[in-house]
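Participant: Attaching a single structure in structure tokens format; questions to follow.
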Amino acid sequence: MGAVGLGCMPMSWGYSASQRHGDRSVRTVHAALDAGVRLLDTADMYGPFTNELLVGRALKGRRSEAFLSTKCGLLVGDQHIVANGRPGYVRRACDASLRRLQTDVIDLYQLHRADPEVPVEETWGAMAELVTAGKVRSLGLCAVGAHAPRRSGAGPFAGTIRQLERIQQVFPVSAVQAELSVWAPEALAELLPWCAARGVGVLAAMPLGNGYLTGTLKPGQGFEPDDPRARHPRFTAEMMAANQPVVAGLRRIAKRRGASVAQVALAWVLRQGPHVVPVPGAKRERWAVENAGAADVVLDDRDLAEIAALPPARGSWD
């Protein structure tokens with residue numbers, strides 16, 4: 001690990017529909033590959049299904065250049081998302097992903113969420129069978145978010161660690177995907193040390209804070225109604241203004257380093273360990289190439305101390 005990946009979700013799901021352009025997204029994937037990005041991350045629920053189709057189209061003729069990661073375990077309805085961890089479903093989902101991605105093997109197959117109605121060991125066992133069958137090379141788990149309900153006094157990722165300890169008894173976990181950024185550092189306390197001690201990689205999701213840590217968003221700018229940030233507790237005009245000191249601190253370091261604000265935010269994630277790979281989303285070639293360049297930004301102890309001294313990010317839940 002030790003490089004920057006590319007999260008493909010924003011290209012066809014999760015943000016404003018008006019910003020989705022298939023041909024531009026294919027060019028963005030190609031630009032990322034040309035810039036040295038190897039990890040491409042998607043999921044069958046993104047779209048649903050359209051994101052995998054897009055990635056499969058983009059990788060036509062270039063599959064050998066990419067480490068391809070996708071996910072299963074969540075079904076998208078009209079107004080809801082539900083987990084499905086039944087072994088039969090997992091097998092069918094994998095075959096469908098292989099067809100959409102136009103590949104004969106998935107490098108990293110991740111369980112998006114455990115099904116509360118199915119023992120996670122059963123789901124994981126079905127995924128392990130896919131490795132034996134040669135359809136998948138390695139397995140990963142997506143962590144439950146730090147703001148999810150948890151037992152009193154438990155750490156933010158205690159539930160995820162319990163799941164990891166259970167499934168490790170069935171088949172080795174190769175990677176865990178969890179939110180990690182300058183304004184969401186909760187995974188540093190327990191989850192990253194757990195992974196480091198066991199040689200498990202970490203895919204840092206949302207390392208740019210849903211775009212806020214790029215320094216390009218302005219308080220009160222507003223979002224299109226179908227953009228989830230329009231309802232996110234850190235993207236109200238009040239909270240965006242309150243969190244400006246975080247961006248200002250990153251901007252000071254960026255100026256000193258001759259880098260962009262986003263590159264500094266990503267470089268901070270990279271400094272959390274050689275087993276950590278930030279996976280920022282990008283919809284445009286320019287941003288994908290800029291993000292890849294974060295691997296060349298070296299933060300020293302002074303930079304890290306300044307970032308550690310930044311005020312914690314606030315949201316309307318605080």
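Participant: Only one of 7, 47, 85 is at pLDDT 95 or above, surrounded by 16 or more Cβ atoms within 10 Å (Cβ to Cβ), closer than 20 Å to residue 279 by Cβ and not polar (S, T, N, Q). Can you tell me which?
Facilitator: Going through 7, 47, 85 in turn, just one is at pLDDT 95 or above, surrounded by 16 or more Cβ atoms within 10 Å (Cβ to Cβ), closer than 20 Å to residue 279 by Cβ and not polar (S, T, N, Q): 7.
Participant: Can you confirm whether residue 79 is modelled with pLDDT under 95, over 22 Å from residue 173 (Cβ atoms) and open to solvent by 30 Å² or more (accessible area, probe 1.4 Å)?
Facilitator: Against the criterion (modelled with pLDDT under 95, over 22 Å from residue 173 (Cβ atoms) and open to solvent by 30 Å² or more (accessible area, probe 1.4 Å)), residue 79 qualifies.
Participant: Test residue 98 against the criterion of being surrounded by fewer than 22 Cβ atoms within 10 Å (Cβ to Cβ), under 23 Å from the mean Cα position of the chain (by Cα) and touching a residue at least 12 places away in the same chain (Cβ under 8 Å), and give yes or no.
Facilitator: Yes.
Participant: If residue 295 meets every condition in (1) buried (at least 16 other Cβ atoms within 10 Å of the Cβ); (2) closer than 29 Å to residue 242 by Cβ; (3) at pLDDT 95 or above apart from one, which number is that one?
Facilitator: Condition (2) is where residue 295 drops out.
Residue-by-condition table, conditions (1) out of contact with any helix residue (DSSP H, G or I) (no Cβ under 6 Å at 6 or more places or on another chain); (2) not small (Gly, Ala, Ser):
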{"position": "246", "(1), (2)": "yes, yes"}
{"position": "265", "(1), (2)": "no, no"}
{"position": "277", "(1), (2)": "yes, yes"}
{"position": "280", "(1), (2)": "no, yes"}
{"position": "283", "(1), (2)": "no, yes"}
{"position": "301", "(1), (2)": "yes, yes"}
{"position": "311", "(1), (2)": "no, yes"}
{"position": "314", "(1), (2)": "no, yes"}
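Participant: Looking at the structure I just gave you, is residue 257 in contact with a helix residue (DSSP H, G or I) (Cβ under 8 Å, 6 or more places away or on another chain), basic (Lys, Arg), open to solvent by 20 Å² or more (accessible area, probe 1.4 Å) and under 24 Å from residue 177 (Cα atoms)?
Facilitator: No; evaluated as a whole, the condition is false for this residue.
Participant: Follow-up. List, please: which pairs have Cβ atoms under 7 Å, are six or more places apart or on different chains, and start with a residue in segment 26-49 that is at positive phi and in contact (Cβ under 8 Å) with a residue 60 or more places away in the chain and end with one that is of a type in the set (Gly, Ala, Ser) and crowded, with 24+ Cβ neighbours inside 10 Å?
Facilitator: Every condition considered, the pairs that remain are 36/292.
Participant: Another question, if that's okay. For segment 43-71, which residues satisfy the criterion of being acidic (Asp, Glu) and within 17 Å of the chain's Cα centre (by Cα)?
Facilitator: If the condition is that a residue be acidic (Asp, Glu) and within 17 Å of the chain's Cα centre (by Cα), then 44, 52 are the ones that fit.
The values are calculated or read from the model by the stated rules, or taken from the named source; none is laboratory data. Remember, predicted model here, so these are calculated numbers, not experimental data. Cβ coordinates were reconstructed from backbone atoms using ideal geometry, including for glycine residues, and neighbour counts include every protein chain displayed. Just so you know, the surface numbers come from the protein's heavy atoms only, side chains and all, with ligands and any DNA or RNA stripped out. Shrake-Rupley method; radii C 1.70, N 1.55, O 1.52, S 1.80 Å.
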